[in-house]
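The values are calculated or read from the model by the stated rules, or taken from the named source; none is laboratory data. Keep in mind that what you see is a predicted model, and the values were worked out from it rather than measured. Here the Cβ positions follow ideal geometry from the backbone for every residue, glycine too, while neighbour counts run over all protein chains shown. Note: accessible area is taken over every heavy atom of the protein model, side chains too, but ligands, DNA and RNA are not part of it. Shrake-Rupley method; radii C 1.70, N 1.55, O 1.52, S 1.80 Å.
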Amino acid sequence: MIIKNFVTIEGLDGAGTTTQLDLIAKHFDAMRTFEPTDGEIGKLIRRVLKKEFKTTASSLALLYAADRHNHIYGENGIIENAKKRLVVSDRYFYSSFAYQCLSVDKDFVKKINDYPHSQYVIFIDPPVKECMRRINSRGEEKELFEKEATLKKVRENYLEIFSSLPEGVKYLHIEGILTIEDTFERIKDFLTL
C-alpha cells in the first residue's frame, strides 16, 4: 500500500532534511511532521538517542515502530491528514531500516515496520564527511549514531532499501553538496510533476 499525498524526506544526520522539510511545508502549505514524533514514545526515543539512558537495540527498534504506528494511524495522524492535504515527514520507516539494521536483524526490522510506503521519497545524500562537519559545527554532544563509520553504514542501508521501492513510489536522490536553494528547487520540480 502507498499513502497518497505523503512525502518522506530521508538522509543521514546532518544532511539538511529538517531545513528542506520547513521549505516544503511552507511552499506547498503541507502538514509538517517528523520521526521520532513529539509524542510520549518519541520523547522516550530522543532520550535514548541523547544517551540519557540505555536500552537494547531491539527495544529501540520496537519503540520506533510503536511511535510510527501512532504517527500513521493515531488521531491527527498521517493517513487522516493525507486525505485532505500534502503531508511531509522528516524521516519514516526507511530510517529504521537504515539505522536499526546496523545492530538488529533486517528481517525483524522489516517485520515490525510493515507500514504503507509514502508516495514520494526524497533522499538528500551529501558526502558523509560533510554531514560530520555539519554535526560538529552544532557544538552539541553527538547523538547515538553520529559517528563517521556508523553513517557510512547507514548510507549503504539507505541505498539498499531505496533500490527495492515498490512500483508507484516516486523517488528522488539528491547527491552531493548543493545550496539549500538549489536542493529545494530540485524538490519543487519533483513534487510538481
(message) Condition first: among the polar types (S, T, N, Q) and open to solvent by 10 Å² or more (accessible area, probe 1.4 Å). Now tell me which residues in region 18-28 satisfy that.
(response) Thr18, Thr19
(message) Yes or no: region 30-40 includes at least one residue that is farther than 18 Å from Ser96 by Cβ, hydrophobic (A, V, I, L, M, F, W, C) and assigned to a strand (DSSP E or B).
(response) yes
(request) Specify the residue that is farthest from Lys129 (Cα to Cα); the eligible residues are those in region 154-163 that are modelled with pLDDT of 95 or more and surrounded by fewer than 15 Cβ atoms within 10 Å (Cβ to Cβ). (result) Ser163
(request) Scan region 26-45 and report the pairs whose first residue is among the small types (Gly, Ala, Ser) and whose second residue is open to solvent by less than 50 Å² (accessible area, probe 1.4 Å) and in a loop (DSSP other than H, G, I, E, B), with Cβ atoms within less than 9 Å and a gap of 6+ or a chain change. (result) Ala30/Leu86; Gly39/Gly74; Gly42/Glu35; Gly42/Pro36
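This table checks each residue for (1) at pLDDT below 95; (2) surrounded by fewer than 21 Cβ atoms within 10 Å (Cβ to Cβ); (3) in contact with a Pro (Cβ under 6 Å, 6 or more places away or on another chain).
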position: Met1; (1), (2), (3): yes, yes, yes
position: Ile9; (1), (2), (3): no, no, no
position: Thr33; (1), (2), (3): no, no, no
position: Ser58; (1), (2), (3): no, yes, no
position: Ile78; (1), (2), (3): no, no, no
position: Arg85; (1), (2), (3): no, yes, no
position: Tyr92; (1), (2), (3): no, no, no
position: Tyr99; (1), (2), (3): yes, no, no
(request) Could you grab me the full set of residues in region 164-193 that are open to solvent by less than 50 Å² (accessible area, probe 1.4 Å) and small (Gly, Ala, Ser)? (result) Gly168, Gly176
(request) Can you confirm whether region 178-187 contains a residue that is outside any helix (DSSP H, G or I) and at pLDDT below 95? (result) yes
(message) Given the criteria among the aromatic types (Phe, Trp, Tyr), in a helix (DSSP H, G or I) and open to solvent by 30 Å² or more (accessible area, probe 1.4 Å), does Phe108 qualify?
(response) yes
